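The values are calculated or read from the model by the stated rules, or taken from the named source; none is laboratory data. For clarity, every value in this text was computed on a predicted model and none was experimentally measured. Here Cβ is always computed from backbone atoms with ideal geometry, including for glycine, and neighbour counts include all displayed protein chains. All accessible areas refer to the heavy atoms of the entire protein, side chains included, with ligands and DNA or RNA removed. Shrake-Rupley method; radii C 1.70, N 1.55, O 1.52, S 1.80 Å.
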Amino acid sequence: MPSLLLKRLKSRRVSLIPEANGSVDFNHITTDGTNRCWYKQLMIDFWQGLLAALERIAMLPSLLHAVLPSLSSRKRGRDALRTYDRTMDDLLREIQCLLEAPLQSTKLLTMSASLQAQFAPKLQSSDICMLPSYNDKLPSGLEKGTYLALDVGGSTFRIALVELNGRQPGAKNMRIVTMKSYRIDEKVRQRSGNEFFEWMADKIQQALADPQLQNSTSTLSFPMGLAWSFPVEQTSIRSANLLDMGKGFRATEGLLGQDLSELIMVPCRKRNLPVHMDSIINDSSATLLSRAYEDPSTRFAVILGTGFNISVHLPVSSLATTKYKGYPKKWLDEATHVLVNTECSMFGKEIFPTTRWDDQLNDAHVRPDFQPFEHMISGRYIGEIVRLIIVEAVCTAGLFSGEIPAQLAEPYTLDTGTLAAMEMDNSKHLTNATALFQSKHPLSKPPMYNDIQFVRQVSQLVSHRAAAFLATGIHALWALRTETEGLTPTSAGQMSIGCNGSVIEKYPFFRELCQSHLDELAAASGAGPNAISLEIAVESAIFGAAVAVSCLEGQ
């Protein structure tokens, strides 16, 4: 694919320190940095030397500064001049080469084949990736009912009454009747053991007391579906053993390995709440189910925000029988397909080409090599890769006149959301992007246009590479599914992918770039047009939790 992101500069940029008013005098400078008027430089040096001598003996300094302000300004500029290893343009060209070179379709196809080879042994034996769930059925889209959906994330606990209407003419397939959101702040995260689940039950009680909810349904006992965005060991569709939640939560203290469903239901029963837990599901499976309810061709779900994961719908036979240890015989006899949590973030080592900035990120990480795919594409790491490039550019090429912006010397201080907002500024002078960067990472003087443009161009390159690598991972899983279903790329037909997360939903042009690469890879594999379609799954955790319950009714 030709570069969509950078316009090569027509001439080599000259590194000059601006005058005090921020301007640069180009009248006597050639493109190679030489000075045509050499005699003027001798005069300037003479007067600057004289000025320095007079200042040292304090001989009328204020008068001299008033009479010769430009000379004083030129002295400060000359003192500020530094010699850098390279020009900004040279560095930008290298960055472009390193980040765009792997994005040719032939190279991406080779990476896809290598990923498929990495998947194969994990489908046979792994307790950390390619994990089958207990969800074996996709919704038909005809399911109807009213459900209480719970969504527990790192910073919020949401409770919603969800109405599924099937495919009724003139009505929305899915509707949130009412929803309450409760902040999970540090005080809540510090609730130890059962205290956290008591807090959850209190919030469920508050939500049920809402008159809008009470007036919306005559249900005597609400079937609940839980979307739990933390690791669990699933033991059935309705139960899961609690594992370490991380992110500063103390809820697991003294409770590791206990049934999550009962940990929630015990305090609910103590309060006589009219609820019962019917389903526990992770966020990627929730996204797949919610999108499949509206589009029956959905077989994958992609989560790409701060983190990254992909859920896929595969034949049961595509995984080794040892993966289903402990599953009920009835489930094994009846299930033909299963939702698989790929934990795709863990793949890709020695497949995706890395740059020195990727290597720096990995070497400094608390768990190097644990999630190599995620390190190159997720919201947590896009900003960090750009930060590492900025720091190098400041030190070696004079970005921001050699000044490291506030806080950017520290890891993970450049937020990917800041970069997204800067990329969205298409104004002539990048006024909004400049103001935003200066507010987040102040410099002693506002950054120049060329500095901000450099940061934007680097961000575009890093995010474009991320979109292409995501397309490669999706293509590898699509090829896996096509083969295990006994299909060919030509006969596989069209497939939709439910997408959720801040990067794939909101980062400028990310989904469009990913879709473009996917189209090329699928076509090169022999698939027809529009073989793979990326579709946003709105409120997927809430809707997915409700759909998961609806799929169980009648079983």
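Per-structure values
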item	result
Residues located in segment 397-423, provided they are within 18 Å of Leu443 (Cα to Cα) and open to solvent by less than 30 Å² (accessible area, probe 1.4 Å)	Ala397, Gly398, Leu399, Phe400, Gly402, Pro405, Leu408, Leu414, Thr418, Leu419, Met422
Pair list, Cβ under 8 Å, 6 or more apart: segment 171-194 residue within 27 Å of Ser216 (Cα to Cα) and among the polar types (S, T, N, Q), other residue open to solvent by 40 Å² or more (accessible area, probe 1.4 Å) and at pLDDT below 95	Asn173/Arg167; Asn173/Glu294; Thr178/Gln212; Thr178/Ser216; Ser181/Thr156
Number of positions in segment 358-387 that are out of contact with any Phe, Trp or Tyr (no Cβ under 6 Å at 6 or more places or on another chain), of a type in the set (D, E, K, R) and either modelled with pLDDT under 95 or under 22 Å from Ser112 (Cα atoms) (or both)	5
Helices (runs of 4 or more DSSP H) contained in segment 406-493 and holding at least 3 residues closer than 24 Å to Gly305 by Cβ and in contact (Cβ under 8 Å) with a residue 60 or more places away in the chain	416-423, 449-484
Candidates Ala406, Ala479, Ala435, filtered to the one that is modelled with pLDDT under 95 and more than 22 Å from the chain's Cα centre (by Cα)	Ala406
Residues being in contact with a strand residue (DSSP E or B) (Cβ under 7 Å, 6 or more places away or on another chain) and among the hydrophobic types (A, V, I, L, M, F, W, C) - total across segment 374-398	1
Filter result for the condition that a residue is of a type in the set (A, V, I, L, M, F, W, C) and crowded, with 20+ Cβ neighbours inside 10 Å, over Leu161, Leu98	Leu161
Tally, over segment 301-327, of residues that are in contact (Cβ under 8 Å) with a residue 24 or more places away in the chain, more than 17 Å from Thr482 (Cα to Cα) and open to solvent by 50 Å² or more (accessible area, probe 1.4 Å)	3
Qualifying positions in segment 328-354 - open to solvent by 10 Å² or more (accessible area, probe 1.4 Å), β-branched (Val, Ile, Thr) and out of contact with any Asp or Glu (no Cβ under 9 Å at 6 or more places or on another chain)	Ile351, Thr354
For Asp278: the one exception among (1) surrounded by fewer than 20 Cβ atoms within 10 Å (Cβ to Cβ); (2) assigned to a strand (DSSP E or B)	(1)
Those residues of segment 514-534 which are in contact (Cβ under 8 Å) with a residue 60 or more places away in the chain, open to solvent by 40 Å² or more (accessible area, probe 1.4 Å) and of a type in the set (A, V, I, L, M, F, W, C), in sequence order	Ala524
Evaluation of Asn272 against (1) touching a strand residue (DSSP E or B) at 6+ places or on another chain (Cβ under 7 Å); (2) open to solvent by 40 Å² or more (accessible area, probe 1.4 Å); (3) modelled with pLDDT of 95 or more (one fails), failing number	(1)
Residue match in segment 112-129 (condition: touching a His at 6+ places or on another chain (Cβ under 7 Å), crowded, with 18+ Cβ neighbours inside 10 Å and at pLDDT 95 or above)	yes
Matching residues, segment 366-375, being open to solvent by 10 Å² or more (accessible area, probe 1.4 Å) and in contact (Cβ under 8 Å) with a residue 24 or more places away in the chain	Phe370, Gln371, Pro372, Glu374
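A quick yes/no check of all residues on (1) within 30 Å of Val338 (Cα to Cα); (2) surrounded by fewer than 16 Cβ atoms within 10 Å (Cβ to Cβ):
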residue: Arg175; (1), (2): yes, yes
residue: Val188; (1), (2): no, no
residue: Gln206; (1), (2): no, yes
residue: Thr217; (1), (2): no, yes
residue: Trp228; (1), (2): yes, no
